[in-house]
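Derivation of every value follows stated rules applied to the coordinates shown; laboratory data play no part. Being a predicted model, the structure only gives us computed values, none of them experimental. Counting neighbours? That spans all protein chains shown, and the Cβs are built from the backbone with ideal geometry, glycine included.
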Amino acid sequence: MTLETSVGRIELERPGMVASGIMGETGPSMARMIASGAGAVVTKSIGAEPKAGYPNPCFTEIKSGYVNAMGLPNPGIELFADEMRIAVAAGPVIGSVYGADADEFAMLAGRMEDYGAAAVELNLSCPHAKGYGMELGTDPEGVKQIVVAVKGAVDIPVWAKLTPNTRSIADIGLAVQEAGGDAVVAINTLKAMVISPEMRKPVLSNKFGGLSGPAVRAVGVRAVYDLYTTVDIPIVGVGGVTDAHDALQYIMAGAAAFQVGSAVAKGGPDVFDEINKGLERFMMDYGYKSISEMIGVANE
């Protein structure tokens, strides 16, 4: 029995990864996550220049989830080199990047490759970053241009993170595949808002943000299920994974691996060890010898 899996030309010893935006800011924090049982870690989304992000409040907890509008704060690609050097020494690191156009994405991906990233994840789906993310990721032709540019600039695998805030996520997945992308990641957060009745105004400084946590899991599983019947490239499921049962839903919907974000923020790094043990127990109880035997079985 093995937890090994393959995603977009990358072999992982364990199927769970740290989602972008959680413990992916510094080299030591990324190394800690891999030591705690994560198969890989996805960095914070990094841009061409340093970015402060939105002012507080930029994060709030709701029933069964969180809403955040961080505004893509990051040190910029040049200053991120030292963090990557520490992180890649510990295990597989997926470099998450965002840009304003195809050329910027290609440049950033190239730098991540120079820093030793095992793959690059294109953030085409942030719901609250003006000029980036979802504004680029809802147009199949625009997505195709970005993926083509990045594929021409790097040799490492190229993954595209997709938004659920679109008419058809399957069409966006097909665009990634047609452009030569190695995998799709689904889903990013859902566009959301929280209002304080006492203050009579939105809670977040940006007014709206992205919903994550258990509240989005069923949406994410449905998106992976739809993509599995549409694309031939591997799928990484993300959104609301808190335990092995949640992870198995994504795997059986069609995901070759999964990412964990909010559960790490709430429960700490030990969540990966708990999920790994839960997967092993399930596989032993139900006679599965590998993750690959379970991928997409709910579609049969």
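Count the DSSP beta bridges whose two residues both fall in the chain, then state the antiparallel fraction as a percent rounded to the nearest 5.
Of those bridges, close to 40 percent are antiparallel.
Relative to the Cα centre, what is the charge dipole magnitude of segment 152-300, using +1 at the beta carbon of each Lys and Arg, -1 at the beta carbon of each Asp and Glu, and rounding to the nearest 20 debye?
820 debye
Where does the chain land at 222 nm, in deg cm²/dmol rounded to the nearest 500, when only DSSP H runs of n ≥ 4 count, each adding -39500 (n - 2.57), divided by all residues?
Computed mean residue ellipticity for the chain: -10000 deg cm²/dmol.
First check a/c for segment 142-300, with a ≥ b ≥ c the square roots of the eigenvalues of its C-alpha gyration tensor; if it is under 1.5, answer rounded, and if not, answer prolate when a/b is larger than b/c or oblate otherwise.
oblate
Within the set K63/K201; K44/K289; K44/K207; K151/K207; K44/K191, which residue pairs have Cα atoms separated by over 24 Å?
Violating the 24 Å limit, Cα to Cα: K44/K289; K151/K207.
Please state the charge dipole magnitude for the chain, taken about the Cα centre, from unit charges on C-beta atoms (+1 on K and R, -1 on D and E), reported in debye and rounded to the nearest 20.
960 debye
Out of A179, A31, V219, whose Cα points farthest toward the positive end of the dipole of the chain (charges: +1 Lys, Arg; -1 Asp, Glu; placed on Cβ)?
Toward the positive end, the furthest listed residue is V219.
Considering only the other residues whose Cβ falls under 12 Å of the Cβ of N276, what net charge follows from Lys and Arg at +1 and Asp and Glu at -1?
For residues surrounding N276, the net value is -4.
Please report the Cα spread of segment 90-218 along all three principal axes, rounded to whole Å, starting with the longest.
Its Cα atoms span 53, 35, 27 Å along the three principal axes.
Can you work out D for segment 141-188 in µm² s⁻¹ from Stokes-Einstein, where Rh is the Kirkwood radius over C-alpha pairs, the temperature is 4 °C and the viscosity is 1.567 mPa s?
122 µm²/s
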